[in-house]
Each structure stands twice: as C-alpha cells, then as structure tokens.
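Novice: Before I ask anything, let me first share the structure, which is written out below as structure tokens.
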Amino acid sequence: FAKQNGRNQYAFYFDDLKKDSKRLIVLEAELRKAIQNKDFYIHYQPKIGLATQEIIGVEALVRWNNEKLGLVSPVEFIPLAEDTGLIIPLSEVILEIVCMDILESRSQGNISVLPVSFNIASLHFQQDDFIERINSIIMKYNCSPQLLELELTERTVMKDSEDIVVKLIKLKAMGFKISIDDFGTGYSSLSYLNRFPLNYLKIDRSFIQQITSLKDKQAIVEAIILMAHRLRIKVIAEGVETKDQAKLLKEMGCDIIQGYYYSKPLAPNDLLDFIEIWEIYRQERNL
Ligand code: C2E
Ligand code: MG
Ligand code: MG
Ligand code: MG
C-alpha cells in the first residue's frame, strides 16, 4: 500500500512538473509573439509628495493581457523574460509604449507632463550599448530624459564595477533621474550609496508593511531615511496601504509615498481623471 501511495505521490509531482513546464513553454511562445506585436499596455501609479500633497510623478508598470492565458502578472513574465533574454526587446517595447503615452498625453493638452519612472532589468542595463539604445527610442518619440527616471534594483548596481558608476554618471548628465528600487532586500552595505549619483531611494514594501507593528522595522526605516537625507537622496516608501503607515512615515521625515492607500496603478485615462480630482481635493483642503 505504501509503495502504491508513494507512486501516486510521485505521479502527482510529475504531473505538476509537466504542467509547470508546459505553462512555461506556452508563456515563452506567447511572450515572443506579444513583443513582436507590442501587445502590452502600461499602468501608472501616482507618487505623492508628503510635504505638499502634490503628485510628483508616476511609476510605469507593464501589463499583459494574453488571449490564451488571460492577464499575466509581471511577477511571472518578467523573470521568464530575464531567463530567456527576451527582457531586452521587451524592455524596449515598454519604453516605446511609455513614450507614446507621454506623447498622447501632451496631444491632449497636458503640457506639464509628470515625470515617469520605469523599471530597468539587470541584463538590459548591462548591455554595452544600453545608453545609446534607450536614447534612440526616446529621441524617436521626441521625449526628453528630464521626464524619465530609471529604477534600478540594489542587485543591479551592487555588481560593484566601475562600469556601473560611469554609466550612471552619464545617464544623470543626460538628464535622467536615478532611483534604487526595492531598497533593503539586497545585500548592500549602506556605504556604497554615496558612490552613485542617486535621486531617490525606494524602501521596499516588505519593510513598510510592518512599520506600524514591528519596532525593529520602524527603526530600520528611520535609519534609512536619515542616512539617505545625509546623502541628499529623497526617500520613497513603496506599498503604503493604510493611513497609519502614511502618518508614521510623514513623522519619520519620508519624502514621497506610493501605494494603494493613495492609488493603485491606473490606465492612462484613469490617471488623467485622478490628477484632476486630486488637484481639486488638494485645493479644497488648503482653503
Ligand atoms: P516594483 O517595481 O517594486 O513595483 C511595485 C509593485 O508593487 C507593482 O506590482 C505595484 O502594482 C505593487 N504595489 C504598489 N503599491 C502597492 C500596495 O500598496 N500594496 C501592494 N500589495 N502592492 C503594491 P506589479 O505591477 O505587479 O509589478 C511587480 C514587479 O514587476 C515590479 O516591482 C517590477 O520589479 C516588475 N515590473 C513591473 N513592470 C515592469 C517593467 O515595465 N519592466 C521591468 N523590468 N520590470 C517590471
Ligand atoms: Mg519599481
Ligand atoms: Mg519596488
Ligand atoms: Mg518590489
């Protein structure tokens, strides 16, 4: 009986494995097609400056709705794209869509377009011609680097080569702003930060989630904010979901908040509505 049971378990395990690898194969094939067809869209999540309650920018987050697979999360397809090298053409398609959205927003009379940050994958950033390639896309759409911010994870910049510093300094000189994303999840010593020309540090959601319940997390976040400010880097808290979290972060001197508490990532048209409503709300509160 035990033997039979064991065999069943093995069979189940094998079935799961088959299902997983089958999904991966379909995903990869569909992803290739989608990149070819530029079949993605972008949602934009507002970032709110705590001092003035202004929307100071938005983060571009890719969305993929596949006819066979339905909505696929970037948490699933970005790592697959990284493993298969598809991340490079995918990232370029994403940047093109961001530039087109900015153009579209301008054509609707929004002259003061908000700065847009977008996520840069390690493999993409490591390409020797990374700067030339993103620059040529931006020029093609007549978009200015001043409107764009690059979000790099700690892991990407921690590779600790002189190359990375040189690249970042060049990008900064061209007018791009630079953020470190998911800060606190890597293995970095804080001391490396001053070697990079950074504008923003984004504290990872895993810290923010627990700041109101765990004194340890609160202490860490407080220390990160202090240190960043010493280095003249602004701090963004990611994944803020409650009023209590926002209030505590404000007390701790955090500069900017991004999270469901203010808004989920929004389709371009919904973002325009949000901006309008937010301004009215802000002015009423200031009266
Ligand atoms: P990320 O860059 O750290 O983006 C923040 C993620 O947290 C987004 O998930 C966002 O929707 C989610 N989020 C924002 N506020 C809250 C909140 O209050 N609560 C919770 N629970 N979640 C919140 P999303 O869009 O699923 O993206 C996940 C990750 O996938 C991103 O993490 C980023 O690493 C990657 N990704 C997304 N879009 C792109 C892209 O265009 N290019 C690249 N290379 N990676 C991307
Ligand atoms: Mg990000
Ligand atoms: Mg993040
Ligand atoms: Mg994250």
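Novice: Where the centroid of each part is defined by its Cα atoms, how far is the range 166-234 from the range 21-62 in Å?
Specialist: First find each Cα centre; the distance between them is then 22 Å.
Novice: For the range 90-198, what relative contact order do you get, as a whole percent, if you take Cα pairs closer than 8 Å and at least 6 residues apart?
Specialist: 27
Novice: Right, next: Just the Cα atoms of the chain: what Rg and Dmax do they give in Å?
Specialist: 21.0, 77
Novice: With the convex hull built on the Cα atoms of the range 71-158, state its orientation-averaged projected area in nm².
Specialist: Seen from a random direction, the Cα hull of the range 71-158 projects 6.6 nm² on average.
Novice: Please compute one quarter of the surface area of the Cα convex hull for the range 71-219 and express it in square nanometres.
Specialist: So the Cα hull casts an average projection of 10.9 nm².
Novice: Moving on to the next point. Tell me, what are the semi-axes, in whole angstrom and largest first, of the equivalent ellipsoid of the range 247-287 as set by the roots of 5 times the Cα gyration tensor eigenvalues?
Specialist: Taking √(5λ) for each eigenvalue gives 22, 16, 7 Å, largest first.
Novice: Less than 13 Å Cβ to Cβ from Asp20, Lys/Arg counted +1 and Asp/Glu -1: what total charge do the surrounding residues give?
Specialist: Within the 13 Å Cβ shell, the charges total 0.
Novice: Going by average Cβ neighbours within 10 Å, how do the peptides 207-218, 60-71 rank, with the highest at the top?
Specialist: Put in order of decreasing packing, that is 207-218, 60-71.
Novice: Need the list of aspartates and glutamates near Lys202 for cross-linking: C-alpha distance under 14 angstrom, and skip anything on the same chain fewer than eight residues off.
Specialist: Candidates past the 8-residue exclusion: Glu59, Glu149, Glu151, Glu154, Asp181, Asp182, Glu222, Glu238, Asp255.
Novice: With a ≥ b ≥ c taken as the square roots of the eigenvalues of the C-alpha gyration tensor of the range 19-139, please select rounded if a/c is under 1.5 and otherwise prolate if a/b is larger than b/c or oblate if it is not?
Specialist: It comes out prolate by the Cα gyration axes.
Novice: Of the cross-linked pairs Lys19/Lys68; Lys38/Lys167; Lys140/Lys167; Lys47/Lys177, which ones have a Cα-Cα span greater than 18 Å in the structure shown?
Specialist: Pairs exceeding 18 Å: Lys38/Lys167; Lys140/Lys167.
Novice: Let me ask something else. If contacts are Cα pairs under 8 angstrom and at least 6 residues apart, what is the relative contact order of the chain in percent?
Specialist: Relative contact order of the chain: 18 percent.
Novice: While we're here: Once a ≥ b ≥ c are taken as the square roots of the eigenvalues of the Cα gyration tensor of the range 150-287, is the result rounded (a/c under 1.5), prolate (a/b larger than b/c) or oblate (a/b not larger than b/c)?
Specialist: Oblate shape, in that a/c is at least 1.5 and b/c is the bigger or equal ratio.
Novice: Then there's this: Determine the per residue accessible area of the range 162-287 with all protein chains present and a 1.4 angstrom probe, expressed in square angstrom.
Specialist: Per-residue value: 56 Å².
The values are calculated or read from the model by the stated rules, or taken from the named source; none is laboratory data. As the structure is a prediction and not an experimental result, all values here were calculated from the model. Reconstructed Cβ throughout: ideal geometry from the backbone, glycine too, with neighbour counts over all protein chains shown. What goes into the accessible areas is simple: the full protein's heavy atoms, side chains included, and nothing from ligands, DNA or RNA. Shrake-Rupley method; radii C 1.70, N 1.55, O 1.52, S 1.80 Å.
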